[in-house]
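Here the structure comes first, spelled out in structure tokens, and everything after it is commentary.
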Amino acid sequence: MTEKKFPKDALRVLKETSRTFYIPITFLQKELKHTVASAYLALRAIDEIEDHPTVENEIKFTILMQISELLKRPFNEKEYLQILEPVKNKIPEVTLRLGEWLQACPESTLSIVMDTTSKMAFGMAKWVKANWQIHTREDLDDYTYYVAGLVGVMLSELWEVSADIKTDRELAIGYGRGLQAINILRNQQEDLAERGISFLPDGWTRAELFEYAEENLAKADEYIKPINKRSIALFCRLPLALAHKTSKAMRDGRRKMTRAEVEHTVEEIQTK
């Protein structure tokens, strides 16, 4: 079977759109690196629709639901571009090129990536329709499951298929939720000021959201313990270390880590 050609500029697009995961993806070995890079680009493609500042929620909902259905069968580029027609002049390159990212994914893992992207598109559509109105802990769990916990489950499936490494799926969801909760904390003021959205359940303060983040990051710490392949362990450790340190920085009154702190963390993880 001929090897799929990986787009030369895929890592460039990945670096531009997902800096948090660009570096850890480069730690992975070739086939897994191509799979995870394809997956992150595909997920970013739909995330750009969910987060778009000027596209109306009704249009976002329709497009995301159509993409979710499209990904349940072999990908059809022509149909995808028809779905994007109402927003084609507003969306970025990473979204327009979804077909390329999927085409570059190794055959052995393509179904996992497509299934995850389909489920995430459905969950995003659901929360777009609800205008991200989160009232309870259950609402927050549901939202963070669809936009991040699913990524943890996908990665667990990829580790098992590609490296015969078995990990706990519930802890994997916690890993994703923990990273997402840190993002919510970091962007809390902007989300409220620019989008009029608060991801805090009713009655919660920022302190409860920190507790939620720490509870899930503790699950992430447990998640990575059985991973004995160095390249995969490095991939998992770096975003987690950055999340822990970002949490500490915010508790100290800063919005995020400094560039120097990030670079030091990258070096620290690689030398462990």
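The values are calculated or read from the model by the stated rules, or taken from the named source; none is laboratory data. Bear in mind the structure is a predicted one, so any value in this text is a computation, not a measurement. Note that we place each Cβ from the backbone using ideal geometry, even for glycine, and neighbour counts take in every protein chain shown. Surface areas here come from the heavy atoms of the whole protein model, side chains and all, with no ligands, DNA or RNA. Shrake-Rupley method; radii C 1.70, N 1.55, O 1.52, S 1.80 Å.
Brief remarks on what is shown
- Filtering the range 224-233 for residues that are closer than 29 Å to residue 53 by Cα and either part of a loop (DSSP other than H, G, I, E, B) or touching a residue at least 60 places away in the same chain (Cβ under 8 Å) (or both) leaves an empty set.
Residue-wise test of (1) crowded, with 22+ Cβ neighbours inside 10 Å; (2) in contact with a Gly (Cβ under 9 Å, 6 or more places away or on another chain); (3) under 21 Å from residue 109 (Cβ atoms).
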{"residue": "144", "(1), (2), (3)": "yes, yes, no"}
{"residue": "173", "(1), (2), (3)": "yes, yes, yes"}
{"residue": "180", "(1), (2), (3)": "yes, yes, no"}
{"residue": "189", "(1), (2), (3)": "no, no, no"}
{"residue": "193", "(1), (2), (3)": "no, no, no"}
{"residue": "206", "(1), (2), (3)": "no, no, no"}
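- Residue within the range 87-99 that is open to solvent by 30 Å² or more (accessible area, probe 1.4 Å), assigned to a helix (DSSP H, G or I) and either more than 21 Å from residue 195 (Cβ to Cβ) or at pLDDT below 95 (or both) present: yes
- The residue list 61, 21 contains one member that is open to solvent by less than 60 Å² (accessible area, probe 1.4 Å) and under 16 Å from the mean Cα position of the chain (by Cα), which is 21.
- Single condition residue 153 does not satisfy, out of (1) in contact (Cβ under 8 Å) with a residue 60 or more places away in the chain; (2) closer than 17 Å to residue 219 by Cβ: (1)
- Entry remark, the range 119-135: residues being open to solvent by less than 10 Å² (accessible area, probe 1.4 Å) and assigned to a helix (DSSP H, G or I) number 6 in total.
- Taking the range 216-233 as the range and being among the charged types (D, E, K, R) and under 19 Å from the mean Cα position of the chain (by Cα) as the test, the residues that pass are 219, 221.
- Given (1) in a helix (DSSP H, G or I); (2) under 16 Å from residue 134 (Cβ atoms), index of the condition residue 250 fails: (2)
- Only one entry of 142, 164 meets the criterion of being under 22 Å from residue 213 (Cβ atoms) and of a type in the set (Asp, Glu), and that entry is 142.
Table: residues versus (1) assigned to a helix (DSSP H, G or I); (2) in contact (Cβ under 8 Å) with a residue 40 or more places away in the chain.
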site: 183; (1), (2): yes, no
site: 210; (1), (2): yes, yes
site: 214; (1), (2): yes, no
site: 218; (1), (2): yes, yes
site: 243; (1), (2): yes, yes
site: 257; (1), (2): no, no
site: 268; (1), (2): yes, no
